[in-house]
Structure formats: structure tokens, C-alpha cells
1. Let me confirm something: among Leu100, Leu96, Leu55, which residue is surrounded by fewer than 23 Cβ atoms within 10 Å (Cβ to Cβ) and under 18 Å from Leu319 (Cα atoms)?
2. Do you know which residues across region 193-227 are assigned to a strand (DSSP E or B), touching a Ser or Thr at 6+ places or on another chain (Cβ under 9 Å) and either buried (at least 21 other Cβ atoms within 10 Å of the Cβ) or at pLDDT below 95 (or both)?
3. Go through (1) surrounded by 15 or more Cβ atoms within 10 Å (Cβ to Cβ); (2) without any contact (Cβ under 8 Å) to a residue 24 or more places away in the chain and name the single condition Ser270 misses.
4. Within region 127-148, identify whether any single residue is surrounded by fewer than 23 Cβ atoms within 10 Å (Cβ to Cβ) and of a type in the set (Phe, Trp, Tyr), and answer yes or no.
5. In this structure, does Leu188 turn out to be part of a helix (DSSP H, G or I) and touching a residue at least 24 places away in the same chain (Cβ under 8 Å)?
6. Look at Gly287 and say whether it is without any contact (Cβ under 8 Å) to a residue 60 or more places away in the chain, buried (at least 18 other Cβ atoms within 10 Å of the Cβ) and assigned to a loop (DSSP other than H, G, I, E, B).
7. Out of the residues in region 316-341 that are without any contact (Cβ under 8 Å) to a residue 40 or more places away in the chain and charged (D, E, K, R), state the one that is farthest from Lys94 (Cα to Cα).
8. So which of Lys94, Lys133, Lys166 is at pLDDT below 95 and of a type in the set (Lys, Arg)?
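The values are calculated or read from the model by the stated rules, or taken from the named source; none is laboratory data. These numbers were taken from a predicted model, which means no experiment stands behind them. With ideal geometry, Cβ positions are generated from the backbone for all residues, glycine too; neighbour counts draw on all protein chains shown.
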Amino acid sequence: MSYGIGIVGTGMIAKHHARAISEADNLHLAAIASREQKRADELASELGCKGYGDLRAMLEDPEVSIVSICTPSGAHLEPAVAAAEAGKHIIVEKPLEISLERCDEIINAAAKHGVQLGGIFQSRFFEASRVVKAAAEAGRFGEMTLADAYVKWFRPQEYYDKGGWKGTLRYDGGGALMNQSIHAIDLLLWFAGPVESVQAYMDVRGHERIEVEDTAVAALRFESGAMGVIEGSTAVYPGFLKRIELSGTDGSAILEEEDLRAWSFRDETSEDEAIRERYGAATKTGGGAADPSAIGTEGHRKQFEEFADAVAAGKYVELDGVEARKAVALILAIYESAANGKLVTVSR
């Protein structure tokens with residue numbers, strides 16, 4: 001069965017979702033919705049689907065079974081709730097929303113109306129990420145000592161100037177962490193487990209006319225007892241692939257986008273050398289480090305396909321709204337710590 005998806009929004013990420021959907025086996029693009037009929041019609045003509053200048057009209061389309069939310073980050077709530085009320089399954093581009101209250105409204109609306117809710121974190125669907133996750137679940141790192149995420153990216157001033165909403169608290173909800181580093185932060189939580197508390201700093205180092213941080217650093221204490229660091233920036237020229245480092249008493253791994261830069265364990269298995277060879281140079285794109293459009297569609301495609309499979313089977317997706325909320329909670333705790341200079345416990 002092929003499910004029809006309706007996309008809300010006409011920006012860069014909407015076009016990226018459309019490409020990923022076109023490559024999926026169990027999905028097809030049915031419609032695009034925008035506040036402006038002209039924009040909807042133009043993109044719909046380009047993509048070969050229906051265009052709607054009114055969200056409610058798209059939600060009444062029987063061909064649309066799933067709604068993909070690609071509006072600005074702080075404008076995810078309203079279309080997501082409307083989709084839930086219309087009985088449509090929902091998948092939301094990161095972040096789920098920019099406050100925990102707004103995240104919870106989406107989660108509660110989906111539960112109330114009995115629809116599936118997923119949050120986009122496509123990096124979890126890279127093969128190398130799955131290999132690291134399996135090692136963590138198998139206890140191969142021993143006692144986790146350090147778990148770190150580094151996102152040293154670059155965005156020119158024009159990136160913030162041209163969008164109208166980028167770099168604003170109302171619609172972006174944050175800067176280098178909420179918008180860019182959130183993918184690495186999600187992976188860090190997925191690999192190493194919940195963070196108990198944070199101590200952080202943030203600043204604007206390389207941009208003008210923005211209300212949010214372009215650079216942040218946080219020290220972490222995980223519930224497991226491990227410690228770690230998050231560094232996130234859009235003011236590092238020329239921009240480097242996001243990097244996750246996991247270090248334990250029995251092994252260590254370094255994941256740089258889809259590349260495994262280090263893979264070493266006290267007790268080697270017969271598969272470890274093959275893993276090093278296969279994932280030593282797996283990244284095929286710029287990873288968004290200097291160009292937000294320089295990302296591949298494979299991760300999104302796999303996530304869309306898994307979501308559709310869950311809908312077909314009547315099972316809830318693993319990466320649901322509750323799971324997508326976790327990275328937002330940690331980022332907001334970092335913002336609170338940076339603002340008041342104190343150690344902050346992460347909300348649940």
C-alpha cells in the first residue's frame with residue numbers, strides 16, 4: 001500500500017522531504033499546503049501534486065493520510081494539532097516544537113485523536129549510527145566515561161538575513177543548538193542515555209541581527225554517571241561534519257556524520273575490522289556543515305518508510321513525539337543554565 005503525504009510548508013526542507021518521499025517504496029506525495037496559494041501552486045507544479053492555499057482544505061483531501069510539517073520551528077504546533085483533529089498521522093521536522101509546553105500539546109493531540117506522531121531525526125537511520133547504537137546496547141563500551149557531541153558548522157550572515165524567521169526566538173526558538181546541533185544532541189541521548197544536569201555558556205560570536213546563540217558549550221552529567229560536552233556553533237569557518245565521541249572503560253567510538261573515525265574495543269569481535277572498513281569513509285554529502293542543502297535523502301527516506309510501515313501495521317513508531325521531545329528538553333536546560341549561570345536539572 002502507498003500512503004499519500006501532504007506537506008505543510010514550501011521552504012527548503014519541504015522540498016527535501018518531497019525528494020525523500022519520491023524515493024520511498026510505500027509513500028507518494030499527494031499535496032503541498034501553504035498560506036499563499038501561488039506558492040503552493042508553484043511547488044505543486046514542480047513536484048507533480050496538488051497545491052492548497054488553505055490547510056483545512058488539504059486536510060479534507062481523502063488521498064492525504066499522513067501530514068509532514070515543514071513550517072518554521074515555532075509554527076509546528078498549529079498545523080500538527082489541526083492534522084490530528086482531522087485524523088491524519090503526523091511527522092514533524094525537527095525540533096518537534098520550541099517549548100516543552102508546545103511539544104506536549106502536539107503529543108497530547110495525537111494521543112487524543114488516535115493518530116501516529118513521529119519526529120524527524122534522520123541521523124538515527126544511518127547504518128553507522130545503528131552500528132554504534134547496537135554496541136551501546138550490548139554494553140561493549142563498559143562503563144561509559146565520556147559522551148560528547150561537537151557541531152562546528154558555518155552559516156554566513158545571509159543565511160539569517162534572507163529567511164525572515166531564522167535567528168528569531170519566536171520562530172527559531174534558539175540558534176546553533178535548537179536548529180543545527182539538535183541532530184547530534186539526539187544521537188548523543190540515543191547512544192548514552194538521559195542527561196541529569198547541565199552547566200552551560202552561550203554567546204553570539206560571528207553574526208549580527210539575531211536573537212539567538214550562534215555558539216554554545218555545555219558540560220553534562222548523564223544519569224548513568226558518565227560526563228560529557230556539547231559544543232555547537234554556526235560561526236566556525238569553513239564548517240566541519242558533526243562528531244559524536246563515546247568513550248568507556250572497555251571501548252571507544254567516534255562517529256563523524258556517517259564515518260566511523262574510531263572503533264576500538266577491549267574485546268574485539270570477528271566483525272570489528274569489517275565495520276572499520278565499511279564505515280571508515282561512508283559520508284557522501286557535506287552533512288549540512290557549511291550548506292544546509294548539502295544533505296542526502298537516505299536518512300529521511302528510511303524514516304518515512306518506517307513510519308508508513310508502522311501506520312500499516314497499527315504499531316507506534318519508536319521515534320515518536322515523546323522521543324523527539326527529549327532533545328528539546330536538553331537544549332532548553334542548556335539555555336536556562338547559560339542564562340542564569342547555574343547548574344540546571346533537565347526536565348522530563
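1. None of the other options fit; the residue is Leu100.
2. Within region 193-227, Val198, Ala200, Met202, Thr215, Ala216, Ala218, Leu220 qualify.
3. Among (1) surrounded by 15 or more Cβ atoms within 10 Å (Cβ to Cβ); (2) without any contact (Cβ under 8 Å) to a residue 24 or more places away in the chain, the lone unmet condition for Ser270 is (1).
4. no
5. It is true that Leu188 is part of a helix (DSSP H, G or I) and touching a residue at least 24 places away in the same chain (Cβ under 8 Å).
6. When the stated conditions are applied, Gly287 passes them.
7. The selected residue is Glu336.
8. Lys166
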